[in-house]
1. Of everything in the range 157-175 that's part of a strand (DSSP E or B) and crowded, with 17+ Cβ neighbours inside 10 Å, which residue is farthest from the chain's Cα centre (by Cα)?
2. In the range 107-160, which residues are farther than 30 Å from residue 51 by Cβ and in contact with a helix residue (DSSP H, G or I) (Cβ under 6 Å, 6 or more places away or on another chain)?
3. Which one is farthest from the chain's Cα centre (by Cα) among residues in the range 125-156 that are outside any helix (DSSP H, G or I) and closer than 13 Å to residue 198 by Cα?
4. Of all residues in the range 58-69 being loosely packed, with under 15 Cβ neighbours inside 10 Å and either modelled with pLDDT of 95 or more or under 30 Å from the mean Cα position of the chain (by Cα) (or both), which is nearest to residue 200 (Cα to Cα)?
5. Just a yes or no: is a residue in the range 199-207 more than 21 Å from the chain's Cα centre (by Cα) and surrounded by fewer than 16 Cβ atoms within 10 Å (Cβ to Cβ)?
6. Out of 145, 134, 103, 122, I need the residue that is touching a residue at least 24 places away in the same chain (Cβ under 8 Å) and over 16 Å from residue 78 (Cα atoms). Which one?
7. Can you find a residue that is more than 14 Å from residue 179 (Cα to Cα), part of a strand (DSSP E or B) and modelled with pLDDT under 95 anywhere in the range 77-94?
8. In contact with a strand residue (DSSP E or B) (Cβ under 9 Å, 6 or more places away or on another chain) and over 25 Å from residue 98 (Cα atoms): which single residue out of 128, 145, 175, 122 fits that description?
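The values are calculated or read from the model by the stated rules, or taken from the named source; none is laboratory data. If you're wondering where the values come from, they're calculated on a predicted model, not measured in any experiment. Here Cβ is always computed from backbone atoms with ideal geometry, including for glycine, and neighbour counts include all displayed protein chains.
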């Protein structure tokens, strides 16, 4: 009988292959994710508080009528309705004329648009009263010398806020609104120094 010689190369290959399979099985069993994996999408919710801040010009904090005001006269200009030769920061060689010094600016810290409204009190001199309805105003958001901001377009100032007549509507941060005042003195009004006030308010357009 012919004796068969074992193929040692084949046997050696088989042993090596077997060892590799055992090693691979051991590694993958350690790294394999077992069980079930799940995921969840969550919501992120927050509310940013609205901030409103406005700054009035110095002139707007104390509106005066100077000179001689006679009973029976109409449309007397407040002292800084029309100011000559106001410096223009954007044109150093030129001067702006007929510029009102009364204005309000929505500060850049404000993070919403605002409506600007106005109301006033009657002016008093002792027991004598000059009704606030004798004071009129006009405003615009374009410029301090806008041509339509004149006494003929003036609106009566009321004791309560008139929401239908905003000084400035939907004014954005960093923007200014300009305004002027006039007063009528009824015939027979008692002479004297009359004092009153007005209130201008900046509020959220959605309030």
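1. Kept after step one, since they are part of a strand (DSSP E or B), are these residues of the range 157-175: 168-171.
Within this subset, residues satisfying the condition of being crowded, with 17+ Cβ neighbours inside 10 Å are 168, 171.
Numbers: 168: 12, 171: 6 Å.
Taking the candidates together, the pick is 168.
2. If we filter the range 107-160 for residues that are farther than 30 Å from residue 51 by Cβ, which is where we start, we get 122-136, 145, 147-148, 150-154, 156.
Answer for the range 107-160, where residues must be farther than 30 Å from residue 51 by Cβ and in contact with a helix residue (DSSP H, G or I) (Cβ under 6 Å, 6 or more places away or on another chain): 122, 156.
3. So the first thing to find is which residues in the range 125-156 are outside any helix (DSSP H, G or I), and the list is 125-131, 135-150, 154-156.
Filter once more, so that each one left must be closer than 13 Å to residue 198 by Cα: 131, 135-137, 156.
Details: 131: 33, 135: 28, 136: 26, 137: 23, 156: 26 Å.
So, considering only residues that are outside any helix (DSSP H, G or I) and closer than 13 Å to residue 198 by Cα, the one farthest from the chain's Cα centre (by Cα) is 131.
4. Across the range 58-69, the extreme among qualifying residues is 61.
5. We begin by selecting, within the range 199-207, every residue more than 21 Å from the chain's Cα centre (by Cα); these are none.
No: zero hits.
6. Details: 145 fails: over 16 Å from residue 78 (Cα atoms); 134 fails: over 16 Å from residue 78 (Cα atoms); 103 fails: over 16 Å from residue 78 (Cα atoms).
Going through 145, 134, 103, 122 in turn, just one is touching a residue at least 24 places away in the same chain (Cβ under 8 Å) and over 16 Å from residue 78 (Cα atoms): 122.
7. So the first thing to find is which residues in the range 77-94 are more than 14 Å from residue 179 (Cα to Cα), and the list is 84-94.
Going one step further and asking which of them are part of a strand (DSSP E or B), we end up with 86-87.
Among the residues that remain, those that are also modelled with pLDDT under 95 are: 86-87.
Yes; the residues of the range 77-94 include at least one that is more than 14 Å from residue 179 (Cα to Cα), part of a strand (DSSP E or B) and modelled with pLDDT under 95.
8. Numbers: 128 fails: in contact with a strand residue (DSSP E or B) (Cβ under 9 Å, 6 or more places away or on another chain); 145 fails: over 25 Å from residue 98 (Cα atoms); 175 fails: over 25 Å from residue 98 (Cα atoms).
Exactly one residue qualifies, and that residue is 122.
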